[in-house]
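Readers should treat all values here as calculations from the given coordinates under stated rules, not as data from a laboratory. Source: prediction; values computed, not measured. Every residue, glycine among them, receives a Cβ derived from its backbone with ideal geometry; neighbour counts consider all protein chains shown.
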Amino acid sequence: MRAINRLNVLDTIRRHGPIARVEISQRTELSTTTVSAITASLLDDGLILPRHEGDIRNEAARGRPRVMLELNPDAARVVGAKIAASRLVFVVTDFRGDVLSKLTLPIRIDRQPIAVAADLVEDGVRRCVLDAGLSLEDVDTVCLGLPGVIEHRTGYVRSSPVFRDANVDFAAEMTARLATPTIVESDAHAITLAHHWFGKARDLEDMVLISLEQTIGLGVLHGNQLFRGAGGLSHNLGDLVLGMGQQGRLVRLSSQAGESAILGEKQADGRFAEAIRLGRGMNHASALIKAEDNVLIGAAVRAGEAVGLTIANIVTLFAPPRVILVGSSLALGEPFLESLRNAYALAVPPSLNGVTELVFDDSTDDFWAQGAAAVALHELYESPWSTTGPAL
C-alpha cells in the first residue's frame with residue numbers, strides 16, 4: 001500500500017505540478033499526514049523540488065509563501081524507442097518526460113537475424129544518448145516499443161513482424177549489450193501511455209487506443225494504469241475473430257483491416273513494393289485512392305467497416321469515454337474513415353450512444369518513442385528509491 005500511495009502521489013505531481021500538498025491530498029484522497037510523509041521522502045530522494053509561490057522578498061506580504069511541489073527533471077534519464085520494420089526512432093527524456101534528444105534511422109530491420117537487429121538498436125540508443133550530451137552510465141532505463149505480442153514482465157517477444165523468429169528474449173539481449181536495464185513493450189501500449197501523459201487523453205483516467213499499422217494493436221487504460229494480460233501480455237487486436245467465413249474458416253480482423261489485406265495484390269507492383277519497403281505503403285495507397293483507384297477504395301471501405309464494428313464491440317465491453325485511433329491506416333482518408341464511422345454508428349448499442357468519443361490522431365514517430373520513454377519512467381516511479389537512485 002505504501003508503494004501504491006507513493007506512486008499515486010508522484011504521478012499526481014507529474015500531472016498537476018507545481019502543486020501544493022493540500023491539493024495532492026484532495027486529488028489522491030490520501031490524508032494530509034500521509035501526503036506529508038511521502039513528499040518528505042520524495043524530497044529526500046531528490047525526485048521532487050519545492051517551489052515557493054509568491055515573492056518571498058516582499059516584506060509587505062503577510063504570512064509564509066505557499067510551497068508548491070514539482071518533479072525534478074534531473075532525477076533520472078531514460079531512452080524510449082519505436083522499433084518499426086523500416087525505421088528506428090529514439091528519444092532521450094528527463095524525469096518529467098521532456099525530450100532531450102531524438103534520432104531517426106531509416107533502416108529496414110524486418111527479417112534480419114536477431115543479432116543484426118540488436119546491433120542496429122544498440123547503435124541507435126548509443127547515438128541518441130550521445131546527442132543528449134550523456135553517456136549510458138547517465139541513463140537509468142531503456143524501453144523499446146515493438147509491434148506484436150510482447151510479454152512485458154519477461155521482455156519476451158512472442159511474435160512481431162519486425163523479427164523473423166518467435167519467442168525472442170529481446171530484453172535480456174539488449175540489457176546485456178547496453179549494461180542498462182531494458183524493457184520491451186508493445187508499441188500500442190507505448191503510444192497509449194504517450195497520449196495519457198502528453199497527448200489527447202491527459203484529462204482521462206480511462207480510455208482505449210487502437211493502433212492501425214503493420215499490426216493492429218490495442219491499449220486499454222483503466223484507473224491511470226495500462227491493462228495487460230497474463231504475464232504482462234499485450235493484445236494483438238488483429239487476431240480478433242469477426243465471424244465465420246466460407247468453408248467454416250475464421251475471419252479475423254487482420255484479414256480485413258491489416259496492412260497486407262488492404263494493399264492486397266497491389267503489393268506486387270514495383271513502385272508499390274518499393275514504397276512498402278520504405279514504410280510508405282499507406283501513403284502511396286492514399287495517393288492512388290485520391291486518383292480514384294476503385295480496388296483500393298473498396299479495400300479501404302471494407303477495412304473501415306471491420307474496424308468500426310470492432311470499436312463498437314470494445315465500447316460495448318468497456319464503455320470508455322474516449323477511443324483514440326492512430327497509425328498509418330488513417331492515411332487512407334475519407335473512404336476508410338467514413339466507412340468506419342458508419343459501421344460504428346450502426347453497431348454501437350443505442351444505450352451507449354454518445355458515451356464514447358472517437359478521436360483520430362496522426363501521431364509522429366517521435367511521439368511513439370516518447371511513449372516508450374513514459375513506460376520506462378512509469379517503471380521508475382514505481383521503484384523503491386534511495387538518495388543514490390532507483391533500486392531496480
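Considering only ALA194, ALA115, VAL22, and ranking their Cα positions along the charge dipole of the chain that arises from unit charges at the beta-carbon of Lys, Arg, Asp and Glu, the one farthest toward the positive end is VAL22. Amide H contacts under 5 Å for ALA20: LEU69, restricted to partners 5 or more places along the chain or on a different chain, H placed in the peptide plane at 1.01 Å from N.
When only Cα pairs below 8 angstrom with a gap of at least 6 residues are kept, the chain shows a relative contact order of 16 percent. For segment 187-194, the Karplus equation 6.51 cos²θ - 1.76 cosθ + 1.60, evaluated at θ = phi - 60°, returns couplings of 5, 5, 5, 5, 5, 4, 5, 4 Hz by residue, with Gly and Pro reported as x. The angle between the Cα long axis of helix 2-16 and the longest principal axis of the Cα atoms of the chain comes to about 80 degrees, rounded to the nearest 10. Proximity of backbone amide H atoms, modeled 1.01 Å from N, is registered between PHE163 and ARG111 at under 5 Å, excluding neighbours fewer than 5 places apart on the same chain.
Between GLU274 and ARG202, the modelled labels are 4.2 nm apart [label points 7 Å from Cα along Cα→Cβ].
Rank these for me by crowding, ILE4, ILE216, ILE109, going from fewest to most other beta carbons within 10 Å.
ILE4, ILE109, ILE216
Expressed as a fraction of 2.2 N^0.38 Å, the C-alpha radius of gyration for the chain is 1.07. Across the options PRO73, LEU263, PHE318, the greatest Cα extent toward the positive end of the charge dipole of the chain (unit charges at beta carbon of Lys, Arg, Asp, Glu) belongs to PHE318. In sequence order, segment 300-307 has phi-based couplings of 5, 5, 4, 5, x, 4, 5, 5 Hz under the Karplus curve 6.51 cos²θ - 1.76 cosθ + 1.60, θ = phi - 60°, and Gly or Pro positions carry x. The alpha carbons of segment 151-206 occupy a box of 38, 26, 17 Å along the principal axes, longest dimension given first.
Can you give the convex hull volume of the alpha carbon atoms of segment 201-363 per residue, in Å³?
Numbers: hull volume 22.3 nm³, N = 163.
About 137 Å³ per residue, rounded to a whole number.
Calculation over all alpha carbon pairs of segment 311-365 in 10 angstrom steps from 0 returns a P(r) of 22, 53, 24, 2 percent. Applying a DSSP loop filter and a limit of 12 other Cβ atoms within 10 Å to the GluC sites (Glu not before Pro) in segment 179-242 leaves GLU205. The local environment of LEU337, defined by Cβ-Cβ distances under 13 Å, has a net charge of -4 under the rule Lys, Arg +1 and Asp, Glu -1. Note on ASP98 and MET244: the model spin-label points, each 7 Å out from Cα along the C-beta direction, lie 5.9 nm apart.
Out of every Cα pair in segment 289-338, what percent are spaced more than 18 Å from each other? Roughly 36 percent, once rounded to a whole number. Taking every lysine pair in the chain that is 8 or more places apart or spans two chains, those with Cα atoms closer than 23 Å amount to 4. Between the amide H of ALA85 and any residue lying 5 or more places away or on another chain, no distance stays under 5 Å, with hydrogens modeled in the peptide plane. The alpha carbon centroids of segment 116-150 and segment 194-215 are separated by 23 Å. Taking Cα centre as origin and charging only the Cβ of basic (Lys, Arg, +1) and acidic (Asp, Glu, -1) residues, the dipole magnitude of the chain rounds to 340 debye.
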